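Colleague: Here you go, one structure.
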Amino acid sequence: MPTPTAASRDLQREFSLLRQELQADLQRLTARLDKLENRFDGRLQLPTANLATAHSSDASPRSGDSPSENEMKIDVQNTDLSMVQLSMVVNNGFPPSQPEIEEPQDEQVVGLAPAGPCDVTFAIILLLLNLGMQVAFSVIILDENFIGSPFTDHIDNARRTRTSIAHDYTHMDLAKTSLVSRVCSEDGALILSTPQANLIQQINSFLSLGLDQFQPGFFQVGSLLSMLCILLWSLCVYKEYRSIWLTSEAVWRIPRSKCTLFRDNEFHTISTGRLKILLFTYVARAAIASLLLGAGIRWLAQTTSISELMLNAVSLNAILDVDEFLFAGFTPISIQLAVRTLEPLKMKYSRRRSQLETWSLFVLLVGTITLPYFVLLNPLGEQMVQVKHELCAGNQTFVVGRSTETQMTVGLVTRHPQEASELTVTELAVEEHKFNGPNEVPYLINFMETDVHFYEALGRDMAAEVKNWGLCIEKEVLMLGGFFYQDPLITPYSDLMLRQAATSLGTADVSRGCAGLKHLCNDPNARLLRMVCGHTCGCTDPLASAWHKVTAQGCIAACSQIAFDAAAATCQDNIDSENWEVFWNSYPDVMTAFWGNNVTESAVYPVMLSVADAMKSSGCSALMDPQWQAEPGVNHRWCEGYPPLWRPLAWQCPESCGCKDITPLPAYSDLNNSWAELLLDRCPAKVVQPEVRDRLLGAAMKALLREEDEVVSTAARLVAKLTAMGEQLADEGEDLLGSMCQRLFRLMKEQPSLLDRRGELIVRKICGALVNPGVDVQRFFATAAKAINAEEDKAFARRLVQVLNRGLLRGPETKTFRAQLQLEARRGRESDELRPELQMALMHAWMVCPVSSLALSFWMNEFEFAAGLATRLATAERTTEIEVELNDFVELLESPVFGDVRLQMLGAQHREKALLRAMLQLGALLPKEKKLQGRLQVLEIGVLLDRVTAQGPASKAKSCSEEAKALLERFDEICEHKDHRWKDCIL
């Protein structure tokens, strides 16, 4: 074989080098083709996000590496949007790799990938939006208005609620349960205190407590769920921490140079400036994550609603996913494709580091579980227990109210919600009527026509309700032969009240009427039954048990009057032994029900037993013993009765109570006007004795100051009867009527409210009582006129005249006196004689009140004086009070009392110039009064008609009478008396 020459050896060497270069070029070309193929495949289909952590192609460690260290590649194709990318976009840089991949980053290829300026600008906007949203969420979650007040505030709120409204009687429902009972029983129908009810429900659910349980057990649903939600949220933030740490570590391992070198989708070097910017962004990301972690844990730990816990945890997790949502939904496709092609970075990861990291993560996990529980959740549970204890512990079944008049706080024991299964009377009424039509007759509800009547009915007590009935319902309406038996209006209403009475006492059977409910009459709560069934319940029987036979307990006055008349038929003791035994046997029970406290525990109980024993053994005669005469609890005498509870035992024991043989008359008669009237009818000689009469008159005068109209009316009648009866039996020359008037007017002067509120009522009742005994009413008015003329206080005299004038012209009790007075005045005018003395006395006295004087002069047909008085009123300054009085007078002109005056306006034969002049002056006084102007128009038409139809010479007009002139002069003198000006006289 030939030996190669030197030239051939050189040629072989060259071919070998060319082959090596060609192989190298082919390898590089193959690599580039692979990359182009991968890039081409990426353009056709976007890859899904994955964690591309890969070791190097060699399974064994490289030469020079320790066996305990491995190389791993960090795939930078996929990462999340954060503040890091903002710096890269601004610097046209390239992001470092991150180990935790959630979504690709577009800003890593901004400025490098084939993307237009619009794509780059929009990507920058997305980065700023992501930054702004996460910062905004952080600020909101940290705000106190979002987190809410500390749960400890609920403790004070629960304490205030329990002491303020929870036991307020105004919030008690129809089932008679307190508001706190409904709140703590989680009443679903509650419309008040719903925040407190929701809070209690949340506490019970959170701590797995029962309604009456206040100590939580080991297993607590809310605490467990809260721990799970806090752990879930912490894991989400820890994932963000790990991503930030690994990314910063990867960036830190990239070699530094003056410029960032990015070639073949790989980072080769990074500039120092860009590294600082990236590290700053990592710190900012970690700070935001830390704020979110603390605020989120605090928010979740304060969430007491189980249903809201999961929602809050998911909402927090969504905050960290904002960048993913923006990347997937808004990042341009060109930037997304460029991000997918980024090559992973290589970094070393030792086994020792892995072990250390495992222990660190274990400690972090344990701390995440234990610290929130002991720092937040366990105190929260204790605070929840304290809130429930403040709101629901102890006694829930009572309500209270305070009387502003008596300044006393009173309470009522209510029903527990578990005991409220049986419907109350009101609930039964609603149950019976809720499906009825508007025209169906209600079974248990009395519907009012207006809201005014509705609220009045709610505010009336039994005494006020009884006063609305002037008849004994059972005898007049429900019993055969009654005047209103089967009346189409009253009978249905009475039947309704009977059903209501029966239902309120626990029975619905009214088939037998009042007879079937007789056994319930003595029940303390049977007030309505006694009102409807007064005859069956003993209100009409004077021998029945006296308990509850009073107006305040349901007995109508008409029913009691029947018993009173029967008792007044004799002055002898007469008791029914059975009813007497019932009365005293029920004595302790009745007083217990009346006071609301068990009297058997009181020191007065033995005294009560002694009284009852003495009464049962001795009968009426025991009432004569001073030690047994008064009830020890209320200190009221048995004979006089006690209006709130029992009627006088004198109705059964009149003789023992002092009708015949006891001298002087018992002192209790001073306090019971009805009984005094009875004694006056049956024992007049004893009553009209000066010492007894004066004492009774004094008591009756005091009774006029009472608030009840019935008491005032009775007292006024008693005053009149005592005066009339006293004058019949008294010595001649004794003016009892004058003395009574002086005492009455002096009392009215000392008590102005008595004159203003009850003056007319007292005058009418006195006049009505004076007629029957034969004492002339005109003496009362004559005496009153003298008292007015002698009165120096003109303001009081004016008000007294107003009251007397209304009683004279309006009261039915003075009808006979008005007719007599008008007849005498007419006779005086027709005979041209002097006016009657009483008429002139009244005219003189009435002058202190010009409007009342004007009304009296019109009514007495003294038109000359009326015209002159109207002229003076027209020229004077009028006050608001005078205007009101004038308007009242015009209304009075339209009443039947002034029918004769109106006839004189219409009849030509009766018309006088003085009447025309007086009416015209009155019209000038009140030009806007339509009724008066209408009268003037009628009067004008009448005058014109007289002129047309006159058949004879016109009657000669009478000149002003001497009496009228004298009256007007007297009026002027009164107004000028003691330097009183005209205006002062009117006032």
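Colleague: Evaluate the following for Pro195: is it in contact with a strand residue (DSSP E or B) (Cβ under 8 Å, 6 or more places away or on another chain), of a type outside the set (Phe, Trp, Tyr) and loosely packed, with under 15 Cβ neighbours inside 10 Å?
Modeller: Against the criterion (in contact with a strand residue (DSSP E or B) (Cβ under 8 Å, 6 or more places away or on another chain), of a type outside the set (Phe, Trp, Tyr) and loosely packed, with under 15 Cβ neighbours inside 10 Å), Pro195 does not qualify.
Colleague: Moving on. If I ask for residues that are acidic (Asp, Glu), farther than 22 Å from Ala515 by Cβ and in contact (Cβ under 8 Å) with a residue 60 or more places away in the chain, which ones from the range 453-487 would you list?
Modeller: If we filter the range 453-487 for residues that are acidic (Asp, Glu), which is where we start, we get 456, 461, 465, 474, 476, 487.
Right, trim to farther than 22 Å from Ala515 by Cβ and you get 456, 461, 465.
Within the range 453-487, Asp461, Glu465 qualify.
Colleague: Name the one entry in Leu309, Leu279, Leu275 that is in contact with a helix residue (DSSP H, G or I) (Cβ under 6 Å, 6 or more places away or on another chain) and either in contact (Cβ under 8 Å) with a residue 60 or more places away in the chain or of a type outside the set (Gly, Ala, Ser) (or both). If you could, list the steps in order and put the result at the bottom.
Modeller: Values: Leu279 fails: in contact with a helix residue (DSSP H, G or I) (Cβ under 6 Å, 6 or more places away or on another chain); Leu275 fails: in contact with a helix residue (DSSP H, G or I) (Cβ under 6 Å, 6 or more places away or on another chain).
Going through Leu309, Leu279, Leu275 in turn, just one is in contact with a helix residue (DSSP H, G or I) (Cβ under 6 Å, 6 or more places away or on another chain) and either in contact (Cβ under 8 Å) with a residue 60 or more places away in the chain or of a type outside the set (Gly, Ala, Ser) (or both): Leu309.
Colleague: Let me ask something else about it. Output the number of residues of the range 461-479 satisfying the condition of being at pLDDT 85 or above and of a type in the set (Lys, Arg).
Modeller: Total meeting the criteria: 1.
Colleague: Among what's in the range 773-791 and is out of contact with any Cys (no Cβ under 8 Å at 6 or more places or on another chain), at pLDDT 85 or above and of a type outside the set (S, T, N, Q), pick the residue that is surrounded by the fewest Cβ atoms within 10 Å (Cβ to Cβ).
Modeller: The initial filter retains those residues of the range 773-791 that are out of contact with any Cys (no Cβ under 8 Å at 6 or more places or on another chain), namely 773-776, 778-779, 781-782, 785-786, 788-791.
Subset that is at pLDDT 85 or above: 781-782, 785-786, 788-791.
Then keep just the ones that are of a type outside the set (S, T, N, Q); that gives 781-782, 785-786, 788, 790-791.
Numbers: Phe781: 23, Ala782: 19, Ala785: 20, Lys786: 16, Ile788: 24, Ala790: 10, Glu791: 18.
Going through the qualifying residues, I end up with Ala790.
Colleague: Might you let me know whether the range 538-552 holds any residue that is of a type outside the set (Lys, Arg) and part of a helix (DSSP H, G or I)? Before you say what the answer is, go through the steps one by one.
Modeller: So the first thing to find is which residues in the range 538-552 are of a type outside the set (Lys, Arg), and the list is 538-548, 550-552.
Within this subset, residues satisfying the condition of being part of a helix (DSSP H, G or I) are 551-552.
Within the range 538-552 (the criterion being of a type outside the set (Lys, Arg) and part of a helix (DSSP H, G or I)), the answer is yes, since at least one residue qualifies.
Colleague: Counting only residues that are under 18 Å from the mean Cα position of the chain (by Cα), give me the helices (runs of 4 or more DSSP H) lying completely in the range 142-190 with at least 3 of them. Spell out the reasoning first.
Modeller: On the way: elements: 144-147, 153-164, 179-184.
The qualifying helices (runs of 4 or more DSSP H) are 153-164, 179-184.
Colleague: Given the criteria of a type outside the set (D, E, K, R) and either under 46 Å from the mean Cα position of the chain (by Cα) or open to solvent by less than 10 Å² (accessible area, probe 1.4 Å) (or both), does Leu309 qualify?
Modeller: yes
Colleague: Also, quick follow-up: Pull up the range 362-374, narrow it to residues that are free of Cβ contacts under 8 Å to residues at least 12 places away in the same chain and surrounded by 12 or more Cβ atoms within 10 Å (Cβ to Cβ), then point me to the one that is nearest to the chain's Cα centre (by Cα).
Modeller: Start the filter on the range 362-374 by keeping residues that are free of Cβ contacts under 8 Å to residues at least 12 places away in the same chain, which leaves 362-363, 365-367, 370-371, 374.
From what's left, surrounded by 12 or more Cβ atoms within 10 Å (Cβ to Cβ): 365, 371.
Working: Leu365: 54, Leu371: 47 Å.
Out of the qualifying residues, it is Leu371.
Colleague: Out of curiosity, is Arg256 surrounded by 21 or more Cβ atoms within 10 Å (Cβ to Cβ) and in contact with a Ser or Thr (Cβ under 8 Å, 6 or more places away or on another chain)? Break it down stepwise before answering.
Modeller: Numbers: surrounded by 21 or more Cβ atoms within 10 Å (Cβ to Cβ): no; in contact with a Ser or Thr (Cβ under 8 Å, 6 or more places away or on another chain): yes.
Criteria not met by Arg256.
Colleague: Kindly evaluate Thr152 against the criterion of being under 22 Å from Ser305 (Cβ atoms), out of contact with any strand residue (DSSP E or B) (no Cβ under 7 Å at 6 or more places or on another chain), open to solvent by 20 Å² or more (accessible area, probe 1.4 Å) and β-branched (Val, Ile, Thr).
Modeller: Values: under 22 Å from Ser305 (Cβ atoms): yes; out of contact with any strand residue (DSSP E or B) (no Cβ under 7 Å at 6 or more places or on another chain): yes; open to solvent by 20 Å² or more (accessible area, probe 1.4 Å): yes; β-branched (Val, Ile, Thr): yes.
Yes: the conditions hold for Thr152.
Colleague: Inside the range 546-566, can you point out the residues that are small (Gly, Ala, Ser) and open to solvent by 10 Å² or more (accessible area, probe 1.4 Å)? Before the answer, list the steps.
Modeller: Step one: filter the range 546-566 for residues small (Gly, Ala, Ser), giving 546, 552, 554, 557-558, 560, 563, 566.
Those that are small (Gly, Ala, Ser) and open to solvent by 10 Å² or more (accessible area, probe 1.4 Å): Ala552, Ala557, Ala558, Ser560, Ala566.
Colleague: Follow-up. Anything in the range 701-735 that is over 19 Å from Pro643 (Cα atoms) and modelled with pLDDT under 80? List them, or say none.
Modeller: Ala724, Met725, Gly726, Glu727, Gln728, Leu729, Ala730, Asp731, Glu732, Gly733, Glu734, Asp735 - these are the residues of the range 701-735 that are over 19 Å from Pro643 (Cα atoms) and modelled with pLDDT under 80.
Colleague: For Val901, are the conditions met, namely being open to solvent by 10 Å² or more (accessible area, probe 1.4 Å) and at pLDDT below 80?
Modeller: Values: open to solvent by 10 Å² or more (accessible area, probe 1.4 Å): no; at pLDDT below 80: yes.
Answer is no for this residue.
Colleague: Sort out which residues of the range 375-398 are of a type in the set (S, T, N, Q) and either surrounded by 13 or more Cβ atoms within 10 Å (Cβ to Cβ) or over 50 Å from the mean Cα position of the chain (by Cα) (or both), and write them in order of number. Let's see the steps before the verdict.
Modeller: From the range 375-398, those of a type in the set (S, T, N, Q) are 378, 383, 386, 395-397; that's our starting set.
Passing the criteria: Gln383, Gln386, Gln396, Thr397.
Colleague: Follow-up. Give the number of residues within the range 272-291 that are closer than 21 Å to Phe137 by Cα and charged (D, E, K, R).
Modeller: Count: 1.
Colleague: Give just the number: which of (1) surrounded by fewer than 16 Cβ atoms within 10 Å (Cβ to Cβ); (2) modelled with pLDDT of 85 or more; (3) within 20 Å of Ser713 (Cβ to Cβ) does Lys815 not satisfy?
Modeller: Evaluating Lys815 over (1) surrounded by fewer than 16 Cβ atoms within 10 Å (Cβ to Cβ); (2) modelled with pLDDT of 85 or more; (3) within 20 Å of Ser713 (Cβ to Cβ) leaves (2) as the failure.
Colleague: Another question, if that's okay. I need the full set of residues from the range 624-654 which are under 16 Å from Ser545 (Cα atoms) and among the aliphatic types (A, V, I, L, M), in order please.
Modeller: Passing the criteria: Leu645, Leu649, Ala650.
Colleague: Now a separate question. Residues in the range 844-902 that are closer than 15 Å to Gln822 by Cα and among the aliphatic types (A, V, I, L, M): how many?
Modeller: 5
Colleague: Does the range 573-584 contain at least one residue that is over 30 Å from Glu710 (Cα atoms), surrounded by 15 or more Cβ atoms within 10 Å (Cβ to Cβ) and modelled with pLDDT under 90?
Modeller: Scanning the range 573-584, I find no residue that is over 30 Å from Glu710 (Cα atoms), surrounded by 15 or more Cβ atoms within 10 Å (Cβ to Cβ) and modelled with pLDDT under 90, so the answer is no.
Colleague: Which one of Thr170, Thr163 is touching a residue at least 12 places away in the same chain (Cβ under 8 Å), among the hydroxyl-bearing types (Ser, Thr, Tyr), open to solvent by 50 Å² or more (accessible area, probe 1.4 Å) and farther than 30 Å from Leu293 by Cβ? Spell out how you get there, then give the answer.
Modeller: Details: Thr163 fails: touching a residue at least 12 places away in the same chain (Cβ under 8 Å).
Only one candidate passes the filter, namely Thr170.
Colleague: Next question, about the same structure. Given the conditions (1) touching a helix residue (DSSP H, G or I) at 6+ places or on another chain (Cβ under 7 Å); (2) in a loop (DSSP other than H, G, I, E, B); (3) at pLDDT below 70, report the number of the one that Glu877 does not fulfil.
Modeller: (3)
Colleague: Can you find a residue that is of a type in the set (A, V, I, L, M) and surrounded by fewer than 20 Cβ atoms within 10 Å (Cβ to Cβ) anywhere in the range 531-538? Give the steps one after another, and end with the answer.
Modeller: So the first thing to find is which residues in the range 531-538 are of a type in the set (A, V, I, L, M), and the list is 531-532.
Applying the additional criterion that residues be surrounded by fewer than 20 Cβ atoms within 10 Å (Cβ to Cβ) yields none.
No, because not a single residue in the range 531-538 is of a type in the set (A, V, I, L, M) and surrounded by fewer than 20 Cβ atoms within 10 Å (Cβ to Cβ).
Colleague: Still on this structure, please answer the following. May I ask you to list the residues in the range 119-145 that are without any contact (Cβ under 8 Å) to a residue 40 or more places away in the chain and either touching a Pro at 6+ places or on another chain (Cβ under 7 Å) or within 30 Å of Ser193 (Cα to Cα) (or both)?
Modeller: Correct list: Ile140, Asp143, Glu144, Asn145.
Colleague: Looking at (1) surrounded by fewer than 18 Cβ atoms within 10 Å (Cβ to Cβ); (2) charged (D, E, K, R); (3) touching a residue at least 12 places away in the same chain (Cβ under 8 Å); (4) out of contact with any Ser or Thr (no Cβ under 8 Å at 6 or more places or on another chain), which is the one condition that is false for Glu240?
Modeller: (1)
Colleague: How about the range 198-234: which of its residues are open to solvent by less than 50 Å² (accessible area, probe 1.4 Å), in a helix (DSSP H, G or I), under 17 Å from Ala393 (Cβ atoms) and not aliphatic (A, V, I, L, M)?
Modeller: Scanning the range 198-234 gives a single hit, Asn204.
Colleague: Still on this structure: Pick from Gly596, Gly619, Gly641: which is open to solvent by less than 50 Å² (accessible area, probe 1.4 Å) and under 42 Å from the mean Cα position of the chain (by Cα)? Quick ask: steps written out before the conclusion?
Modeller: Working: Gly596 fails: open to solvent by less than 50 Å² (accessible area, probe 1.4 Å); Gly619 fails: under 42 Å from the mean Cα position of the chain (by Cα).
Within the list Gly596, Gly619, Gly641, the selection yields Gly641.
The values are calculated or read from the model by the stated rules, or taken from the named source; none is laboratory data. Given the structure is predicted, the values throughout are model-derived calculations rather than measurements. As a convention, Cβ positions derive from the backbone with ideal geometry for all residues, glycine included, and neighbour counts pool all protein chains shown. Please note that ligands, DNA and RNA were not included when accessible areas were found on the heavy atoms of the full protein model with its side chains. Shrake-Rupley method; radii C 1.70, N 1.55, O 1.52, S 1.80 Å.
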